Amino acid sequence: MPVKRVLVIDDSPTERFFLTDLLRKNGYEVLAAETGESGIAVAREQKPDLILMDVVMPGLNGFQATRQLTRDEATKSIPVIMCTSKTQETDRVWGMRQGAIDYLVKPIVAETLLAKIQSLG
């Protein structure tokens, strides 16, 4: 199923703007959330085709939010790609163990992200 609607969960206004702008310019509908908690609520309500998840956020971090989303019957079929500044291999492994399908390190390379999204469809 091609990806049409993407949920960006990131507490940084700059990152949200960058990802939203990039995705919209490439024909995607974009939803956004500033926290893990609000991201989970949006995912349950809107059922996006893909979630781009930051890790370092106040409250529920991206690892915790990904774990909740991928274990919830209502959202477990939505793929999650982590987009984070955490560069350690242990972070990548931990993110994948929480249920993420991929792990990208910031700064996000537009072409790489778009290729990964297209490969899902």
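Please give the net charge around Asp54, taking every other residue with its beta carbon less than 15 angstrom from that of Asp54, where Lys and Arg add +1 and Asp and Glu add -1.
-2
Gain in length, Ser12 to Ala110, computed as 0.36 nm per residue apart minus the alpha-carbon separation, to one decimal in nm?
Full extension of this stretch gives 33.6 nm more.
Please state the relative contact order of the chain as a whole percent: Cα pairs under 8 Å, 6+ residues apart?
Computed value for the chain: 25 percent relative contact order.
Kirkwood Rh and Cα-based Rg: tell me the resulting Rg over Rh for the stretch 5-120, rounded to two decimals.
Numbers: Rg = 12.5 Å, Rh = 13.7 Å.
Result: Rg/Rh = 0.91.
On full extension of the chain, what length is gained from Thr87 through Lys4, given 0.36 nm per residue of separation minus the C-alpha to C-alpha distance?
Working it through step by step, the gained length comes to 27.0 nm.
Which order, highest average first, do 108-115, 94-101, 26-33 follow once you tally other Cβ atoms within 10 Å for each residue and take the mean per peptide?
Averaged packing, sorted descending, gives the order 94-101, 26-33, 108-115.
Among Thr87, Gln98, Pro58, which residue has its Cα positioned farthest towards the positive end of the charge dipole of the chain, with +1 placed on the Cβ of Lys and Arg, -1 on the Cβ of Asp and Glu, and the dipole taken about the Cα centre?
Toward the positive end, the furthest listed residue is Gln98.
Modelled label-to-label distance, Ala74 and Ser119, 7 Å Cα→beta-carbon offset: nm?
It works out to 3.1 nm between the two label points.
A short reminder: the numbers here are calculations on the coordinates, not readings from a lab. Quick caveat: nothing in here was measured; it's all calculated off a predicted structure. Because the Cβ atoms are built from the backbone with ideal geometry, glycine has one as well, and the counts that use them run over all protein chains shown.
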